[in-house]
Amino acid sequence: MEHLERLMKRYPMLVGMREEIELVFEMIKNSYEKGGKLLVCGNGGSAADSDHIVGELMKGFYKQRKLPAAEKIRFGEQGEKLQGALPAIALSQHSALSTAFLNDVDPDMVFAQQVYGYGVEDDVFLGLSTSGNSVNVISAAKVAAAKGMKVIAMTGKDGGAMRELCDVCLIVPAQMTADIQEFHLPIYHALCAMLEDYFFPGE
């Protein structure tokens, strides 16, 4: 895996996480092969990271992801500019829904409500929390697990409460919030590139 090897060379502190990163790739790949999607959330900088992840999956990242000839014909002139997409939703980006729910119901359940509404068994939930203790992310992870979804976390420090709730918890070797986020970015970039290579070969 070219992108994983590059990640290991550029960030040798992450070498001990190689097996977990490969497992996360397999989980998301298997979900996409079954027609599933990725639901992502986090707070603050991790909310921005969630949106960033979706941006890399839903359009071309390293590749153009041009549509097959039959699809280009189906979509007419728009087919020339559409790109292959890997379905992903950033739960932190729906301001009307989020503000209504946190005001009317419970702020701690704002992501959980969306997991309940969007999620199905073959989907994957990815929660970003530098401490691993963000209550709204934890609530969403619990709902995802109850729906039979795979649950992944990206954290730092000791993994916090998320560590015990996940199928895989990617705990980066850092303690400070900014340092943790700086490790999260190259990891999710590598994962997005690996998924793109798998689903859009030959470009």
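The values are calculated or read from the model by the stated rules, or taken from the named source; none is laboratory data. Since the structure is predicted, the reported quantities are computational estimates derived from the model, not experimental observations. Counting neighbours? That spans all protein chains shown, and the Cβs are built from the backbone with ideal geometry, glycine included. In case anyone asks, the SASA skips ligands and DNA or RNA and just uses the protein heavy atoms, side chains included. Shrake-Rupley method; radii C 1.70, N 1.55, O 1.52, S 1.80 Å.
Annotations
- At 0.692 mPa s and 37 °C, Stokes D of the chain from Kirkwood alpha-carbon radius, µm² per second: 189
- Projecting the Cα atoms of PRO68, SER92, GLY117 onto the charge dipole of the stretch 62-117, computed from C-beta unit charges around the Cα centre, puts PRO68 farthest toward the positive end.
- Largest to smallest in accessible area, the residues HIS3, HIS94, HIS184 fall in the order HIS94, HIS3, HIS184 (1.4 Å probe, all protein chains included).
- Our coupling estimate for the stretch 155-171, obtained by passing each phi through the Karplus curve with A = 6.51, B = -1.76, C = 1.60 and θ = phi - 60°, is 9, x, 6, 9, x, x, 5, 4, 4, 8, 9, 10, 6, 9, 10, 8, 9 Hz, Gly and Pro reported as x.
- Shown in residue order for the stretch 180-191 are the 3J(HN,Hα) couplings computed by the Karplus curve 6.51 cos²θ - 1.76 cosθ + 1.60 at θ = phi - 60°: 4, 5, 5, 7, 4, 4, x, 5, 6, 4, 4, 4 Hz (x for Gly and Pro).
- ASN133-TYR118 pseudo-label distance in nm [points 7 Å out on the Cα-to-Cβ vector]: 2.7
- Sequence-distant residues sharing a close amide H with ALA88 (under 5 Å, placed H): LEU38
- Of the solvent-accessible surface of the chain, computed with a 1.4 Å probe and all protein chains present, 53% belongs to carbon and sulfur.
- Separation of the ASP158 and TYR62 label points, Cα + 7 Å toward Cβ, nm: 3.7
- Fraction of alpha-carbon pairs over 20 Å apart in the stretch 12-114 - percent: 57
- The phi torsions of the stretch 73-81, fed into the Karplus equation with coefficients 6.51, -1.76 and 1.60 and a -60° offset, translate into couplings of 5, 4, 9, x, 5, 5, x, 6, 10 Hz, rounded to whole numbers, with Gly and Pro shown as x.
- In a simple Cβ point-charge model (Lys, Arg +1; Asp, Glu -1; nothing else charged), the chain has a dipole of about 360 debye relative to its Cα centre.
- Per-residue [θ]222 nm for the chain (sum of -39500 (n - 2.57) over DSSP H runs n ≥ 4, rounded to 500): -15500 deg cm²/dmol
- Here r is the Cβ-Cβ distance between PHE75 and GLU5 and R0 is 45 Å; the resulting FRET efficiency, rounded to 0.05, is 0.80.
- Per-residue packing, averaged as other Cβ atoms within 10 Å, sorts the ranges 166-174, 193-201, 98-106 into the order 166-174, 193-201, 98-106, beginning with the highest.
- Within the stretch 68-115, the percentage of alpha carbon pairs spaced more than 15 angstrom apart rounds to 58%.
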